[in-house]
Amino acid sequence: MHIVVCLKQVPDSAQIRVHPVTNTIMRQGVPTIINPYDLFALEEAMRLRDLIGGEVTVLTMGPPMAEDSLRKALTFGADRAVLLTDRFFAGSDTLATSFALASALTKIGQEFGVPSIVFTGKQTIDGDTAQVGPGIAKRLGLNQLTYVARIVELDRDANKIIVERRAEGGVQVLETRLPVLITMLEGVNEIRRGSLESAYRAASAKIVTWNAAAAGITDLTKCGLKGSPTIVKKVFAPTPRAEKAHQVPTDGLAPEALADAVIAEIFSRQPSVESDLVRFSAGQ
Amino acid sequence: MTDAPKAAPATNSRAGTKKELSEHFKTYKHVWVFIECEYGVIHPVSLELLGEARKLADKRGVSLAGVILGSDANLIAAAATVCFEHGADLVYTVTDPTLAHYRNEAFTKGMTDVVNTYKPEILLLGATTLGRDLAGSVATTLLTGLTADSTALAIDDEGSLAATRPTFGGSLLCTIMTLNYRPQMATVRPRVFGMPPREPGRRGEIIAHPLNLAEDDIVTKVLQFVADRDSNQSQLAYADIVVAGGLGLRSAENFELVKALASVLGAEYGGSRPLVQKGWITADRQIGQTGKTIRPKLYIAAGISGAIQHRVGVEGADTIVAINTDPNAQIFEFAHLGIVADAIKLLPALTEAFRKRLSVNRLAS
């Protein structure tokens, strides 16, 4: 079975700094990582492969340096890596991104076999939209399973898959037909440490690199800025609140005395909290 | 949503671009809210959105409509009444047996059919697992723009929807617009907006639309729905008191101090994003832009620095109490009450002081 995992190279967001004067992003030297949510998708794909056989291809769209993340995925144990890179993709929003990735997935199907499952992470840590997975599914007509916590059953003869999906207030158990697009929930597995063998292989592996034309994209108006209906009107730092926090004096106070002072402040600001608490404790 | 890293320069050539809206899209009018109604219950986020969308509709001088998809005509009629009482002028309904449970295929078809027939200029959805699953499919089908997890919505001078959201892992805010396509779509997390007041007796018009989909045409089947036994998932967002911890607590063991205080107060507990990454708390306890947005009466933040990603998730709280050893921590910029102290020492003292005070009150009553 052929499984494709879409992943994204993202800046390690904890380390992003904003220039205090110009409010622009200081990106120099910011390390990049594989979007952490995508690792759960990659591990699940490799787990299925190990169980029933087949191949895992990882696909990313990004600048040439996104190759680093693909090599990392090969180190973890992916079998093949495809990099989709072209200046025409620059400035893509989620609609344009899903077009480019869906085109590349079609090409991957022609070159290496049609995937039965396409995985993505739940969302990325930089864009945080959770929109690209559903976008790909819609464009390719794949059955869409989002926020999947567990793959319960995979029956290749019947072309059937059963999953548990995290829904509002509960878990949906869904059955559908392959091929599917699955966005994997976080925390559902643990990414393996790559073997020494796969590390060697990854270091010298050839990354399949496609530009728009090589991926079979002829309509460039659907790519990048041109293909993006959303427009970033402005980027700005939030305005500080006029009033900063009222500081409770702490000088020389023991924690007990300080706690009493804090509680007195809270109750004087929010008398209803005190009456709520009294009611709550009376009901205990 | 535009891909964050590529949206970097505010001087982006795209910024300010405005083409003339095509004649076809000029016929798109009115503001719509998708009403999430599962198992007979309207998700509060849908009503919160009606409240905010009412302001947008008034600014545009257009009507506000809700869209309800489901299988039970009585439940849908009851839900429509609730929508009218929360500000809707119209409710579009799609009633069909295939809509008994949420499934992407059936809901996407229902939603896109209604949009293509009645043509709204703005379509808002709650950023729940259901709303996000649906919004991405609907926007891709309609080939229009969608902004995820907006924290502020406004109408600009030219009458377009300006949706603002944090970007770059929450260090900056960006305003995103869909100028040349309709509808302009956005999702908003629960509790970003408050609940609008209910106006009993307020009425509106119901417009029913058919689905024209047979069960046999739908590939995906719901085998089972297992409701959460631990319903804390949704309680955090709607709790009156929330106590949360951050990396300033230094260890998972110290996080127990947060739980202890929450327990005395009958409060929910949560934490900042790094705690989820460290495995100190589960993802459903994360507070902030990518976790839960909360609007409690009282929010106590212990050892949380207060990055924007956290700030936008708690700004709706009536009273924010911040405990941090760093007097320059960002959280003091938006907290109401600040205590420069080590939370590890202060939390147990607070727990004990609250316990004493409440037991005295209990004896008195």
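The values are calculated or read from the model by the stated rules, or taken from the named source; none is laboratory data. From a predicted model like this one, the values you see are computed outputs, not experimental measurements. Cβ sites come from the backbone with ideal geometry, for glycine too, and all protein chains shown count toward neighbours.
Each row is one residue, and each column tells you yes or no for (1) modelled with pLDDT under 95; (2) more than 7 Å from every other protein chain (Cβ to nearest Cβ); (3) closer than 22 Å to B:D284 by Cα.
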position: B:V314; (1), (2), (3): yes, yes, yes
position: B:T319; (1), (2), (3): yes, no, no
position: B:N328; (1), (2), (3): yes, yes, no
position: B:I339; (1), (2), (3): no, no, no
position: B:I344; (1), (2), (3): no, yes, no
position: B:A349; (1), (2), (3): no, no, no
position: B:A364; (1), (2), (3): yes, yes, no
(request) Could you list, in sequence order, all residues of the stretch A:160-217 that are more than 11 Å from chain B (Cβ to nearest Cβ), over 18 Å from A:V56 (Cα atoms) and surrounded by fewer than 21 Cβ atoms within 10 Å (Cβ to Cβ)? (result) A:L196, A:N211, A:A213, A:A214, A:G216
(request) Considering every residue within the stretch A:140-150, establish whether at least one is more than 10 Å from chain B (Cβ to nearest Cβ), part of a helix (DSSP H, G or I) and surrounded by fewer than 22 Cβ atoms within 10 Å (Cβ to Cβ). (result) yes
(message) Being in contact (Cβ under 8 Å) with a residue 24 or more places away in the chain and buried (at least 23 other Cβ atoms within 10 Å of the Cβ): is that true of A:T60 here?
(response) yes
(message) Here are the criteria: (1) part of a loop (DSSP other than H, G, I, E, B); (2) in contact with a helix residue (DSSP H, G or I) (Cβ under 9 Å, 6 or more places away or on another chain). Tell me which single one A:A158 does not satisfy.
(response) (2)
(request) Restricting attention to helices (runs of 4 or more DSSP H) lying wholly within the stretch B:250-335, give those where 3 or more residues are crowded, with 23+ Cβ neighbours inside 10 Å and assigned by TED's automatic domain parsing to the domain that holds B:G126. (result) none
(request) Could you identify the single residue in B:T167, B:T151, B:T220 that is of a type in the set (S, T, N, Q) and at pLDDT 95 or above? (result) B:T220
(message) With the requirement that a residue be assigned to a loop (DSSP other than H, G, I, E, B) and out of contact with any Lys or Arg (no Cβ under 9 Å at 6 or more places or on another chain), what does the stretch B:27-42 give you?
(response) B:E36, B:Y39, B:G40
(message) Consider the stretch B:117-150. How many of its residues are in a helix (DSSP H, G or I) and not polar (S, T, N, Q)?
(response) 11
(message) Of everything in the stretch B:236-249, what is within 23 Å of B:N328 (Cβ to Cβ) and surrounded by fewer than 22 Cβ atoms within 10 Å (Cβ to Cβ)? Give them in sequence order.
(response) B:L247, B:G248
(message) Suppose we filter B:R182, B:R189 for residues that are on the phi < 0 side of the Ramachandran plot, assigned by TED's automatic domain parsing to the domain that holds B:N104, of a type in the set (D, E, K, R) and at pLDDT below 95; which single one remains?
(response) B:R189
